[in-house]
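Undergrad: Got a structure here, written out as C-alpha cells. Questions coming.
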Amino acid sequence: MSKPAAPLKGRAARLARLMPSTGPSTAARTPFVLLVVLLLGGGLITLLLLNSALNEGSFRLSELKRDTTELTDEQQALQRDVDSRSQPDALEKRARELGMVPGGSPAFLNPDGTVRGRPTEATAPPSPSPSPTPSPTASPDAPAAGPSASGTSAGPSGSPSPSASVPQPDPAAENSPPPTSPGR
C-alpha cells in the first residue's frame with residue numbers, strides 16, 4: 001500500500017487549489033463538446049438548406065426571365081400586326097372588302113342646335129360588272145340574251161328602261177347587319 005502523497009507546500013499548494021483535479025473535469029467537458037458539435041452540425045445543415053433554396057430561386061428566376069422575353073417578343077409581333085392593319089390604306093382595303101363605302105360630306109350640330117353643313121348620302125362607286133359567260137346550252141348561232149348594242153335594254157314600249165343603267169342593290173343585303181370584328 002502506498003503512502004499518501006505528501007502535502008504540497010508554498011506555491012505548488014496554491015496552484016493545486018486553483019486547478020481542480022483531472023477526474024471530474026472530463027465528465028464536465030462531454031456535454032460542452034456535444035453542444036459545440038450539435039451547433040456546428042445544425043449550422044451546416046441550415047447553410048445547406050439555404051443554399052438549396054437560393055439555387056431553386058435562381059432557377060425559377062431564369063425561367064421567369066425566359067418567359068418574359070418570349071412574351072415580350074410575342075407582344076412586339078402583335079403590335080407590329082396591329083400597326084400594319086391600322087395604316088390608312090389597309091383600313092380602306094378592309095372596309096371595301098366588308099362592303100363599306102366612303103361617306104359623303106358630313107353635317108355638324110352646333111351647341112345651339114343649328115346644323116352646320118349639308119349632309120349627303122354615301123354612295124358606292126360603280127363596281128365593274130363581271131363579264132358574261134356563255135351558257136353551255138346556248139348554241140353559237142343563237143343571239144346573245146342581254147343588253148342591246150347601245151348598252152341599254154329596251155322596255156315593253158321600246159324605250160330604254162332606267163333600271164338597266166343603274167345597278168339595284170340587293171334588298172336582303174340592306175336588311176342584314178354589317179359584319180363586325182370581335183373585340184372592337
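Undergrad: At 1.4 Å probe size, what's the solvent-accessible area of Ser86? Round to the nearest 10 Å².
TA: Here the accessible area works out near 60 Å².
Undergrad: How far is it, in nm, from the label point at Glu74 to the one at Leu98 when both lie 7 Å from their Cα along the line to the Cβ?
TA: For Glu74 paired with Leu98, the spin-label model returns 2.6 nm.
Undergrad: I'd like the accessible area for Val37: 1.4 Å probe, protein heavy atoms, all chains in place, Å² to the nearest 10.
TA: That residue has around 90 Å² of solvent-accessible surface.
The values are calculated or read from the model by the stated rules, or taken from the named source; none is laboratory data. This one's a predicted model, so the numbers in the text were calculated from it and none came from an experiment. Methodologically, a virtual Cβ is constructed for each residue, glycine included, from the backbone with ideal geometry; neighbour enumeration extends over all protein chains shown. For the accessible areas, the whole protein counts, side chains as well, though only heavy atoms, and no ligand, DNA or RNA atoms are used. Shrake-Rupley method; radii C 1.70, N 1.55, O 1.52, S 1.80 Å.
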